[in-house]
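Student: Below is a structure I'd like to ask you about.
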Amino acid sequence: MVAGVDQVWAWLGEVPDPEIPVISLTDLGIIRGVAYQGDTLVVTVTPTYSGCPATSVINFEIAKKLRDNGVSDLRLERQLSPPWTTDWITPEARAALKAYGIAPPIDGTAADGVIAGRIARLSGDNLRVECPRCGSTATEKVSQFGSTPCKASYRCTDCLEPFDYFKCI
Amino acid sequence: MAPAMSDIMTPDAAELAKDAPGEGRAPLAEGTAEHDLFIGLARLGDNTLILGHRVSEWCGHSPVLEEDIALANMALDLIGQTQLWLGLAGEVEGAGRDADALAFRRDAWDFRNILLVERPNGDFGQTLMRQFLFDAWHAPMLTALEGSSDDRIADIARKAGKEVAYHIERSADLVIRLGDGTEESRARMQTALDTLWPYVGEMFIGDVTDARLASAGIMPAPESLRSAWDASVDQVLAEATLTRPESTFAHKGGRQGRHTEHMGHLLAPMQWLQRAYPGARW
């Protein structure tokens, strides 16, 4: 029996992100399409960051999950456009990130590459990122890049918790 | 100022290049649209590859843990972008070379990166200044490429542009902090700027390949990026209390495959494994 497209989406919703296991691949918004081309199931995946080392692990996990459920005729396709954005992370996943200790992305705050508009912020008027542990907004950026390219390093000056902030992109 | 001895290419390299065997050389005929596109993509991918490799050399050696991690992450972005650019270059070439083959099996004269990115890391300040001077070019370059008449290029540019927006934010931030910092950090940043300045001009000097790519709407003319670069650099240097050097002298040649001696020393450790064990996988 051939698995329906809805069933495939449900299976993919059970595959955890290899680096942040509290959210799934569908929560993250990186599965861009599930469709049959003839008898072949084609799953379209978009990378989070160009150099994300989890990409190959993610492809492996997708294939494993689907093969374990009896899908034998499978092709994974990479889609670059439109590029992945943190806007696609679901509300449930944002809550899960916070509970896990990672401050979720604050929509609309992605860097735009135009330095002129960012200088004021660079010199002190920082993004208000809420501490995932105590909820304080008395936090400061330690580094633009944290444990992975998608996160920045922050610390809370109230409860002193060091934490990751999932950057908008 | 005369270039240092180590900056001068070994004199017989150009002759060696002519006699090099076919592997590692583009079989496309010069002057064709495909060859132009291949060269244009190699220039993009080789810049990110060589800078990514240089930045990765800091891994485990940075002044503080957070900066070590940040540098490794930036290197990762750059290497990821390299896979996209060189992957497409290999497709365009149609000779069966993928991004790995282009990265690990070409020799110095086939690389098309600018000389700036092959500069040795120097101290932490020099690494950051090189990154900022590059990012200030890279960001507007990718913005321009988003409008490329070649959709494959526009797609990669949109992806990479989002990442590079964070690169320039970080490098500008740190150039300002260190420039407008202590007497020691300011002096080091000014020295870094003065040392690297002769290598910035190459980013804006076009050749016939660039002119053909620009007239086809595939890639912007290098000269067209100068005003955006000047605006970012002038603003950040002013905030950083650093003085922009007046010289307009520009070392050039990297984009045509003429590199400094540093390039061979960089490629040796980078390519060693694939040279010794071609096609090795794990």
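The values are calculated or read from the model by the stated rules, or taken from the named source; none is laboratory data. Worth saying up front: this structure is predicted, and the values here are computed from it rather than measured. Every residue, glycine as well, gets a Cβ built from its backbone with ideal geometry; the counts of neighbours run over all protein chains shown. Each accessible area value is taken on the protein alone, full model and side chains, heavy atoms only, with ligands, DNA and RNA left out. Shrake-Rupley method; radii C 1.70, N 1.55, O 1.52, S 1.80 Å.
Student: Go through the range A:27-68 residue by residue and tally those that are farther than 15 Å from A:CYS150 by Cα and in contact (Cβ under 8 Å) with a residue 40 or more places away in the chain.
Tutor: Residues meeting the conditions: 8.
Student: Would you tally the residues in the range B:58-73 being within 7 Å of another protein chain (Cβ to nearest Cβ) and of a type in the set (Gly, Ala, Ser)?
Tutor: Here the count works out to 1.
Student: Pairs only if they're at least six apart or on different chains, beta carbon under 6 angstrom, first in the range A:158-169 and within 13 Å of another protein chain (Cβ to nearest Cβ), second open to solvent by 20 Å² or more (accessible area, probe 1.4 Å) and outside any loop (DSSP other than H, G, I, E, B); list them, first residue then second.
Tutor: Close Cβ pairs (under 6 Å, with a partner that is open to solvent by 20 Å² or more (accessible area, probe 1.4 Å) and outside any loop (DSSP other than H, G, I, E, B)) amount to A:PRO162/A:ARG155; A:ILE169/B:LYS162.
Student: A follow-up question, please. If B:SER224 satisfies all but one of (1) open to solvent by 60 Å² or more (accessible area, probe 1.4 Å); (2) away from every other protein chain (no Cβ under 14 Å); (3) modelled with pLDDT under 95, what's the number of the condition it fails?
Tutor: Going through (1) open to solvent by 60 Å² or more (accessible area, probe 1.4 Å); (2) away from every other protein chain (no Cβ under 14 Å); (3) modelled with pLDDT under 95 one by one, B:SER224 breaks only (3).
Student: I've got another one for you. Any idea how many residues of the range A:65-117 are within 25 Å of B:PRO140 (Cβ to Cβ), assigned to a helix (DSSP H, G or I) and among the charged types (D, E, K, R)?
Tutor: 1
Student: Please go through (1) open to solvent by less than 30 Å² (accessible area, probe 1.4 Å); (2) in a loop (DSSP other than H, G, I, E, B); (3) touching an Asp or Glu at 6+ places or on another chain (Cβ under 6 Å) for B:HIS167 and return the number of the only condition it doesn't satisfy.
Tutor: Condition not satisfied by B:HIS167: (2).
Student: Name every residue in the range B:148-176 that is farther than 23 Å from B:GLY201 by Cβ, more than 8 Å from chain A (Cβ to nearest Cβ) and touching a residue at least 24 places away in the same chain (Cβ under 8 Å), in order of residue number.
Tutor: Correct list: B:SER148, B:SER149, B:ASP150, B:ARG152, B:ILE153, B:LEU174.
Student: Looking at the range B:170-187, which of its residues are open to solvent by 40 Å² or more (accessible area, probe 1.4 Å) and polar (S, T, N, Q)?
Tutor: B:THR182
Student: Could you look through the range A:42-58, keep only residues that are farther than 14 Å from B:ILE79 by Cα and open to solvent by 30 Å² or more (accessible area, probe 1.4 Å), and pick out the one that is modelled with the lowest pLDDT?
Tutor: My answer is A:SER56.
Student: Among B:TYR277, B:TYR199, which is the only one that is aromatic (Phe, Trp, Tyr) and open to solvent by 40 Å² or more (accessible area, probe 1.4 Å)?
Tutor: On inspection, the qualifying residue turns out to be B:TYR277.
Student: Considering only residues that are free of Cβ contacts under 8 Å to residues at least 24 places away in the same chain and of a type in the set (S, T, N, Q), which ones fall in the range B:227-276?
Tutor: Answer for the range B:227-276, where residues must be free of Cβ contacts under 8 Å to residues at least 24 places away in the same chain and of a type in the set (S, T, N, Q): B:SER227, B:GLN235.
Student: Sticking with this one: Could you check, for the range A:25-41, whether at least one of its residues is part of a loop (DSSP other than H, G, I, E, B), surrounded by fewer than 19 Cβ atoms within 10 Å (Cβ to Cβ), in contact with a Ser or Thr (Cβ under 9 Å, 6 or more places away or on another chain) and away from chain B (no Cβ under 14 Å)?
Tutor: Yes; the residues of the range A:25-41 include at least one that is part of a loop (DSSP other than H, G, I, E, B), surrounded by fewer than 19 Cβ atoms within 10 Å (Cβ to Cβ), in contact with a Ser or Thr (Cβ under 9 Å, 6 or more places away or on another chain) and away from chain B (no Cβ under 14 Å).
Student: List the pairs whose first member sits in the range B:74-99 and is at the interface with chain A (Cβ under 10 Å from one of its Cβ atoms), whose second member is among the hydroxyl-bearing types (Ser, Thr, Tyr) and assigned to a helix (DSSP H, G or I), and whose Cβ atoms are under 6 Å apart, counting only residues at least 6 apart or on separate chains?
Tutor: Matching pairs, first to second residue: B:ALA75/B:SER56; B:LEU78/B:THR48; B:GLN81/B:THR48; B:THR82/B:THR48.
Student: Take B:ARG177 and tell me if it is assigned to a helix (DSSP H, G or I), at pLDDT below 95 and of a type outside the set (Phe, Trp, Tyr).
Tutor: yes
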